[in-house]
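Contents: one structure, followed by commentary.
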Amino acid sequence: MKELKVRLEIVTPLFLGGADPRGEPELRAPSFRGALRFWFRALLGGVLGNDTKRIFEEESKVFGSTESSSSLTVRVKADDLRKKLFSELAEWDENTRKYRRSGIAYLFFSAREEKKKREPERKAFDANQTFWLSVSYHSQLEEAYASLWLLTHLGGLGSRSRRGGGNLQVLELKTAEEVTKELPKLTVNAKTPEELRDELAQGTKLLRQWAAKRFSGSLNPKFDGQPIFAVLHPDYCRIWVVNKVFYAWDEALNEFGLKMQSFRRRCQFDYEKVKAVVEGTGDELQPVERAAFGLPIVFYYRSLDLSATLEGSEHGRRASPLVLRVAKLGNEKYALILIQFINPLLPHNEHLKLRCKKYEKIMLQPDDMVVNKFIEHLENKLAPLLNVNYKGDQNALEI
């Protein structure tokens, strides 16, 4: 059995719950396995396209299925790690009754205390700590290595992982087996946003070329419209690096959160639109654009003493297509990475459902126009976005 062993640094607070999500955080191997599986599927989808049967078969060989066990074993080892409450991360001020880092409070809002539901605030493993992760594999090691590169360069782990939570990076690699030279280094060496852009472009391109060769795929596979799940393909996954340097992870997340909050406040038409439907005076077929950022969404109207939940008519939850990540640069400074997956919010035959105490109403799905507007807002209000161009040359695979 081959082993890939790495020392990981927690770059941003990691909300990783056990049986009780609001209890003590736990480093759980199944959570790592699930995140690695997500990125492996995205990588396969980017080179196999519509061949979902083949994607499932190759994914099952590594991570298992209901009919076969996994050939991958994941173990996590850590000493006692510091933990912080949501209110500590967002810096609650008892005197002003406000958060000093309201941008972080906005991004991590679901970790706050829910007094009406009698749910305590969540704890997270604090940033700037390390632990060991080992992945053992019965056959080839490259699949686990490629998935880990994507997780530690583009993804995150745990709750709020699409809003900058749970970002991890490899500090040290220990393995008895030589990993193929076709794959990029697991560590981040860039010292500027421009260098990070180039590092991400080169690494992602190498992984796609490797996957296309290994699984007899193509860098330009066929798709019938937008893919139904997240895939790593230039037409359906856009990646940017924010061209601005930050001196701490919390500075980076707080500034991004403030920009996102200000944009949402400008989009009050959704709030009023839903209120009209709740009151029975609005067009129930009018899409709620904000839903493009993910589901569910809870609206509360103090004047009516009513709340309404917007979700899929069949799928209650939908992860945001927009992923925010904080990267720690080689000079101990920080940069922001933004990833946009382009796929349907819900299956094409599914609608949005607005549910409140009085009734349920069906609404049409929105397009991704509001997400694109937000990206433009970031360019104008935060910093220019450096496009990560990872489009490879199909001809190179024939060499």
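What follows is calculated from the coordinates using simple rules that are stated; it is not laboratory data. As the structure is a prediction and not an experimental result, all values here were calculated from the model. Cβ atoms come from the backbone with ideal geometry, glycine included; neighbour counts cover every protein chain shown.
All other residues whose Cβ lies under 9 angstrom from that of L48 are scored, Lys and Arg at +1 and Asp and Glu at -1, for a net of -1.
Potential lengthening of the chain between K244 and D224 amounts to 3.5 nm, from the contour at 0.36 nm per residue minus the alpha-carbon distance.
With bins 10 Å wide beginning at 0, the percent of Cα pairs of region 1-148 falling in each bin runs 10, 31, 27, 21, 9, 2.
State the antiparallel share, in %, of DSSP beta bridges confined to region 286-399, rounding to the nearest 5.
Looking only at bridges with both residues in region 286-399, the antiparallel portion is about 100 percent.
Return D367, D270, D224 ranked ascending by Cβ neighbour count within 10 Å, so the fewest neighbours appear first.
Numbers: D367 12, D270 20, D224 8.
Ordered by Cβ neighbours within 10 Å, fewest first: D224, D367, D270.
Compared with the dominant principal axis of the Cα atoms in the chain, helix 369-381 is inclined by about 80°.
At 0.36 nm per residue, and after removing the present C-alpha to C-alpha distance, how many nm does the segment from Q261 to T281 gain when stretched out fully?
Working: separation 20, 0.36 × 20 = 7.20 nm, distance 2.80 nm.
Additional length available on full extension: 4.4 nm.
Taking all Cα pairs closer than 8 Å and separated by 6 or more residues, the relative contact order of region 2-389 comes to 21 percent. Taking a ≥ b ≥ c as the square roots of the eigenvalues of the Cα gyration tensor, region 274-399 is prolate, since a/c reaches 1.5 or more and a/b is larger than b/c. Across every pair of non-identical alpha carbons in the chain, the mean reciprocal distance, once inverted, gives a Kirkwood radius of 22.3 Å. Here is how the number arises for the chain: DSSP H runs of 4 or more residues each give -39500 (n - 2.57), the sum is divided by the residue count, and the result at 222 nm is -9500 deg cm²/dmol. Toward the positive end of the charge dipole of region 2-389, about the Cα centre and with charges on Cβ (Lys, Arg +1; Asp, Glu -1), which of F341, I55, Y301 goes farthest? The one lying farthest along the dipole's positive direction is Y301.
The C-alpha atoms of the chain define a longest principal axis, and helix 269-279 lies at about 50 degrees to it.
Neighbours of I337, meaning other residues whose beta-carbon lies under 10 angstrom from its beta-carbon, give a summed charge of +2 when Lys and Arg score +1 and Asp and Glu score -1. Annotation for region 335-399: chymotrypsin sites (Phe, Trp or Tyr not before Pro) lying in DSSP loop with at most 12 further Cβ atoms inside 10 Å of their Cβ are Y359. So, counting K/R as plus one and D/E as minus one, what does the shell of residues with Cβ under 12 Å around P321 add up to? Neighbourhood net charge equals +1.
Applying 0.36 nm per residue to the separation of A319 and K98 and subtracting their alpha-carbon distance, the gain on full extension is 76.7 nm. Against the chain, whose longest principal axis comes from its Cα atoms, helix 52-63 is set at around 70 degrees. Kindly provide the trypsin sites (Lys or Arg not before Pro) of region 61-111 that DSSP labels as loop, not H, G, I, E or B, and whose Cβ sees at most 14 other Cβ atoms within 10 Å. The qualifying sites are R82, R97, R100.
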